[in-house]
1. Run down A:Ile330, A:Ile293, A:Ile266, A:Ile273 and say which single residue is over 23 Å from A:Lys386 (Cα atoms), modelled with pLDDT under 90 and not small (Gly, Ala, Ser).
2. Yes or no: the stretch A:108-128 includes at least one residue that is more than 17 Å from the chain's Cα centre (by Cα), open to solvent by 50 Å² or more (accessible area, probe 1.4 Å) and under 23 Å from A:Ser212 (Cβ atoms).
3. Looking only at the stretch B:146-172, which residues are within 14 Å of the chain's Cα centre (by Cα) and assigned to a loop (DSSP other than H, G, I, E, B)?
4. Could you please tell me which pairs satisfy a Cβ distance under 6 Å, a separation of 6+ or placement on different chains, a first residue in the stretch A:97-115 that is at positive phi, and a second residue that is not acidic (Asp, Glu)?
5. Check A:Phe136, A:Phe90 and return the single one that is in contact (Cβ under 8 Å) with a residue 60 or more places away in the chain and at positive phi.
6. Could you grab me the full set of residues in the stretch A:1-33 that are surrounded by fewer than 18 Cβ atoms within 10 Å (Cβ to Cβ) and either in contact with a His (Cβ under 7 Å, 6 or more places away or on another chain) or among the aromatic types (Phe, Trp, Tyr) (or both)?
7. Just checking, which of A:Ile332, A:Ile356, A:Ile320 is open to solvent by less than 10 Å² (accessible area, probe 1.4 Å), out of contact with any Ser or Thr (no Cβ under 6 Å at 6 or more places or on another chain) and farther than 17 Å from A:Val393 by Cβ?
8. Of everything in the stretch A:108-119, what is within 12 Å of chain B (Cβ to nearest Cβ) and among the hydroxyl-bearing types (Ser, Thr, Tyr)? Give them in sequence order.
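The values are calculated or read from the model by the stated rules, or taken from the named source; none is laboratory data. All of these numbers come straight from a predicted model, not from anything done at the bench. No Cβ is skipped: glycine too gets one built from the backbone with ideal geometry, and neighbour counts run over all protein chains shown. SASA here: full protein model, heavy atoms, side chains in, ligands and nucleic acids out. Shrake-Rupley method; radii C 1.70, N 1.55, O 1.52, S 1.80 Å.
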Number of protein chains: 2
Amino acid sequence: MSIVVQKYGGSSVGTIEKIKKVAESVISKKKQGHDVVVVVSAMGDTTDNLICLAKEVTCNPDKRELDALISTGEMMSSSLLAMTIKSLGFESISYTAYQVGVKANGMHGKSFIDDIDDSKIKESLKMGRIVVIAGFQGINQEGNITTLGRGGSDTSAVAIAAKLKGSCEIYTDVDGIYSIDPRVYKDAKKLDYIEYEEMLELSSLGAQVMHSRAVELGQKYDIPIYVGLSNGNERGTIIKGMNNMNMEMKAITGLATSDDDVSITIEDVSNNINIISDIFNKVAERHINIDMISQTAPINNTVNLSFTIPKEDVEECMGIIEEYSSRDKIHIDENITKFSVVGIGMKTTSGVTARIFKLFSENHIEVKMITTSEIRITCAIKREDKFNAVNIVAKEFNL
Amino acid sequence: MSIVVQKYGGSSVGTIEKIKKVAESVISKKKQGHDVVVVVSAMGDTTDNLICLAKEVTCNPDKRELDALISTGEMMSSSLLAMTIKSLGFESISYTAYQVGVKANGMHGKSFIDDIDDSKIKESLKMGRIVVIAGFQGINQEGNITTLGRGGSDTSAVAIAAKLKGSCEIYTDVDGIYSIDPRVYKDAKKLDYIEYEEMLELSSLGAQVMHSRAVELGQKYDIPIYVGLSNGNERGTIIKGMNNMNMEMKAITGLATSDDDVSITIEDVSNNINIISDIFNKVAERHINIDMISQTAPINNTVNLSFTIPKEDVEECMGIIEEYSSRDKIHIDENITKFSVVGIGMKTTSGVTARIFKLFSENHIEVKMITTSEIRITCAIKREDKFNAVNIVAKEFNL
């Protein structure tokens, strides 16, 4: 009998009616002969409402106490789900992070799971119970309740699946992972499979479907993660490792765009590594995240330096670089879109960059900056070229 | 430096505004140089709302899961209070029953506190922190969260005070204990002191001010318990032991009435102890609580047997006694009031019963039944005599 860890998000357990539907779905899995462990998020807006309550106290609530407060949301939903399963005639028990020893460390609100004591879970499964565990929470070394950050219940679920050597199913309000955000490209295809690294790249590019740390954990312990709708029979997407992938990989799996950055160009910067690194260090000290960087070849020992930063940080950033350059040498371009393609297939398929550049050139799309990783290509293009670029690349690579 | 354990009820922490007032009151105690431990109930109607949610699942929710659910209310209020105290510049920390090892046993929803591991509390007090503990909850031997019953936070507070050898202050929405319910007798006096036994008798007679088990614990460990308003400087009432009482005790401390019982009389019952005990056993098996019992002297080897039971149990009780007697021999009197006086002074003051009987006879108040304990006299009288009886006894004994 295999162990299945299912996670249901806040919108799936938003009302008692919905909790009853989840209970039925969990029971049907149990009836198929699986040992079932369920991880739940807090009901609907519970977490947000608790945070609002804390903000009524003070705009900067103590982080330990905030974690103690917001972790109650998952305790509520887990006991309600176990209660519902029992009322339908199946054995069930809810556990908090304390009760199953979810050991965590790191900052309050952003903790990491270190280990899980699976003895109680296994014992309950052996007794035929459906085990329901409050997600999002852990206990740190001081015995304090701590939380794992937004979407942390995903991480709880994958960690439990890893510990129990089970499979993991994340049920949520999206029907799977798409090659492109359907709001940007309506013909985007739902993926049957996506590789961990690809998913991580897409998440870092703004795909909010999964908690990144959950994907990292899945990758580390090689746990395939199913993502899909909680109430549908439609097929969702499985996030899994290279070894399990189809040998004939597509060069590109996903495409993402972002309009949240601006590019800053500084003309005639002295081509001195100390000065350039000094600028970047000072920007980093203010926790401003520099993404793409490009530099022209030196002429008369000066270079033009360009980089992108989040829109909201422009003013603060200007304050720093004006120490190094006069205002008229600094150019801000707000009219850019970051255009990225992701695919583990790029590791083995050469010429992807060349194909994209050719497409762009044929369609008069100017590439202002470019950065690449082993499985990602990101270009800064003009905002008005965005939909055209998405269309031609999606068609060329069959996304 | 003395340790003070303060308990604030649900209405005292019903909103963030009220929690801020509680925080100020706690801090002022701390500023007076005390080590302060605070026990809180859930905010306002939180517990009732959580029970409603469970009832939406099923009319008979699993008791373990119900306890897990409703115990979250106190976790929320305790973290919010600690957060508020910290925001006002004082060190504070909230603890759940798990974190301070509140060991409990007994049925879910009605558990008893066995012991408390006070090491974390003491350590935090030593660090100058105001310690806030979630009331109403304990952890049983199986590691499950369990609750102590309605008003259980009172018991949590007294148990913690007993363990820490501190004093205990229960802040609530009443300004103290009255000799008589002011709704029944408007000139009723607020008591400065009341003895544990007296308080227990008054509680069992329907005075809802304090959780009875809290008073029992106070008595067992000789912890004086202050009861008063959370926001006032008015003096409340101290519940304490005989040794601490004024030597010149009043004969009667309190008076209580109840209209919730009916008396049932069975005529011509065979004066056979087996039959009579059989009736009482069968009634007890149905969890019907028989209170006052009286029996006439036997004539022709039959007796008239009278007893009182709660109104709502009449029908069920009739079903039982009709097996022993014909319907026309059974008389139900719904028109009674149970009138009780309580006073530890009765142990040493003789003639209290005689004085009351004399008063009643002078005022034509008929006593239908009477039971007495060492510190209590209860009479069943006609409902219409209630206010008259309260008035003359209150004046005679200066209540």
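1. Values: A:Ile330 fails: modelled with pLDDT under 90; A:Ile293 fails: over 23 Å from A:Lys386 (Cα atoms); A:Ile266 fails: modelled with pLDDT under 90.
Being over 23 Å from A:Lys386 (Cα atoms), modelled with pLDDT under 90 and not small (Gly, Ala, Ser) holds for just one of A:Ile330, A:Ile293, A:Ile266, A:Ile273, which is A:Ile273.
2. Filtering the stretch A:108-128 down to residues more than 17 Å from the chain's Cα centre (by Cα) leaves A:108, A:114-128.
Still in the running and open to solvent by 50 Å² or more (accessible area, probe 1.4 Å): A:114-115, A:117, A:119-120, A:122-123, A:126-127.
Next cut, under 23 Å from A:Ser212 (Cβ atoms) only: A:114-115.
The answer is yes, given that some residue of the stretch A:108-128 is more than 17 Å from the chain's Cα centre (by Cα), open to solvent by 50 Å² or more (accessible area, probe 1.4 Å) and under 23 Å from A:Ser212 (Cβ atoms).
3. The answer is B:Leu148, B:Gly149, B:Arg150, B:Gly151.
4. A:Gly106/A:Phe112; A:Gly109/A:Lys63; A:Gly109/A:Thr147
5. Details: A:Phe90 fails: at positive phi.
Answer to the check: A:Phe136.
6. The answer is A:Met1, A:Ser2.
7. None of the other options fit; the residue is A:Ile320.
8. A:Ser119
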